[in-house]
Amino acid sequence: MREHFTLDADRAHCLPQDEDVRRFVLAEPLTLALHVLERAGQVAGRWVLIAGVGNVGSLVLRVMQQAGARVIAWSLSEGTLRKALALGAEHAICATDPDAREKVMQITSGEGVSVAVECAGKSQAVEDCIALAAFAGRVILHGHSKLASAVRGSDLVFKELDVLGSRNSHGCFPRALRCLSDRPEVWNELISHQLPWSAVQEAFDLTKGPSGTYSKIVLDFPD
C-alpha cells in the first residue's frame, strides 16, 4: 500500500466527480468480466451458466445479465448461490446436488447452455461446463485450475464446442469505468463490507472465512 505511484500516462484513468466513489474499486475485476463477455459473443436471450459466483463470478453474472443473458449460477456454496439470486440469476444450483446436471438440462429443455463460464478454478467445474454446454456451444475458462480435468477430445469434437481461455483485459478499463458510472446502486451491492483503516486486521480475517461471507471489502483511509 503506497501513497504515490509512477506510471505511464496512458495507464491512468480519471474517475468522474462523484461523492461516492466506492464502486470504482470494482474496476479492475470488472475488466476481467467484460473480457469474458467479449469472448462469449452474443448472449442476449441465451442461457449462460456461471460456475463459481465469487468475486469475479459475481461481476460476470452482472455483465451477462446486462447483456440480456439468462443466467444459471452454479456453486459449491449456498451462500454465494443466495447472493447470485439476489444479483439477478434466474436459477441457482448447488454443484454437490446429485441431480445438479439434470436440473440444468431441465431448465434448458434438454439442450444445455449456450455459454458456460468457469470462474471457480476447479477441475471438476471445467468438466461440468463442458458437459452442460449445448451442441455448438461455447465454454469460457477464466478460473485457474491447477489440476488436470478428465476431458476427452471426443467430448469437444462430438458437440463441436468452442473452448476459449479468458485472462486478459487489455483496453477494457474505459468501458469498466463507464459501466460503473451508470446506476451506482447496482454496483454498490457487490461491496459487502466498508471498514475503517484501523480495522484492517478484521478485513483480512474476513477473507479467511467461508465462501459467500464477503465479496469486496473497502477500507477507508484517514484524511
message: Looking at region 153-198 only, could you name the residues that are farther than 30 Å from VAL25 by Cα and touching a Phe, Trp or Tyr at 6+ places or on another chain (Cβ under 9 Å)?
response: PHE158, LYS159, GLU160, LEU161
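Could you please let me know if ALA116 is within 21 Å of LYS216 (Cα to Cα), of a type in the set (Gly, Ala, Ser), in contact (Cβ under 8 Å) with a residue 24 or more places away in the chain and crowded, with 24+ Cβ neighbours inside 10 Å? Full working, then the answer.
Working: within 21 Å of LYS216 (Cα to Cα): no; of a type in the set (Gly, Ala, Ser): yes; in contact (Cβ under 8 Å) with a residue 24 or more places away in the chain: yes; crowded, with 24+ Cβ neighbours inside 10 Å: yes.
Here the answer is no, as ALA116 does not meet what is asked.
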- prompt: When region 19-48 is examined, which residues are found to be closer than 30 Å to LEU195 by Cα, assigned to a loop (DSSP other than H, G, I, E, B) and either of a type in the set (Asp, Glu) or modelled with pLDDT of 95 or more (or both)?
  reply: GLU19, ASP20
task: Count, please, the residues in region 2-11 that happen to be modelled with pLDDT under 85 and either within 29 Å of ARG183 (Cα to Cα) or in contact with a strand residue (DSSP E or B) (Cβ under 7 Å, 6 or more places away or on another chain) (or both).
output: 2
message: Suppose the filter is of a type in the set (Gly, Ala, Ser), buried (at least 22 other Cβ atoms within 10 Å of the Cβ) and touching a residue at least 60 places away in the same chain (Cβ under 8 Å); does GLY41 pass it?
response: no
- prompt: Which of the residues that make up region 73-101 are within 16 Å of the chain's Cα centre (by Cα) and of a type in the set (S, T, N, Q)?
  reply: SER75, SER77, THR80
- prompt: Mind checking which pairs have a first residue in region 147-175 that is on the phi > 0 side of the Ramachandran plot and a second that is part of a strand (DSSP E or B) and surrounded by 10 or more Cβ atoms within 10 Å (Cβ to Cβ), Cβ under 9 Å, 6 or more apart or different chains?
  reply: GLU160/PHE135; GLU160/ALA136; GLU160/GLY137
- request: Working only within region 111-135, note down all residues that are in contact with a strand residue (DSSP E or B) (Cβ under 8 Å, 6 or more places away or on another chain) and among the aliphatic types (A, V, I, L, M).
  value: VAL113, VAL115, ALA116, VAL117, ALA120, ALA125, VAL126, ILE130, LEU132, ALA133, ALA134
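Residues are listed down the side, and each one gets a yes or a no for (1) in contact (Cβ under 8 Å) with a residue 24 or more places away in the chain; (2) touching an Asp or Glu at 6+ places or on another chain (Cβ under 6 Å); (3) buried (at least 21 other Cβ atoms within 10 Å of the Cβ):
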residue	(1), (2), (3)
ARG2	no, no, no
CYS14	no, no, no
ALA51	yes, yes, yes
LEU61	yes, no, yes
ALA89	yes, no, yes
CYS94	no, no, no
ILE107	yes, no, no
task: Specify the residue that is farthest from PHE135 (Cα to Cα); the eligible residues are those in region 68-80 that are out of contact with any helix residue (DSSP H, G or I) (no Cβ under 6 Å at 6 or more places or on another chain) and free of Cβ contacts under 8 Å to residues at least 40 places away in the same chain.
output: GLY68
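The values are calculated or read from the model by the stated rules, or taken from the named source; none is laboratory data. Just so you know, these numbers come straight off a predicted model, no measurement behind them. Glycine also receives a Cβ, built like all others from the backbone with ideal geometry; neighbour counts cover every protein chain displayed.
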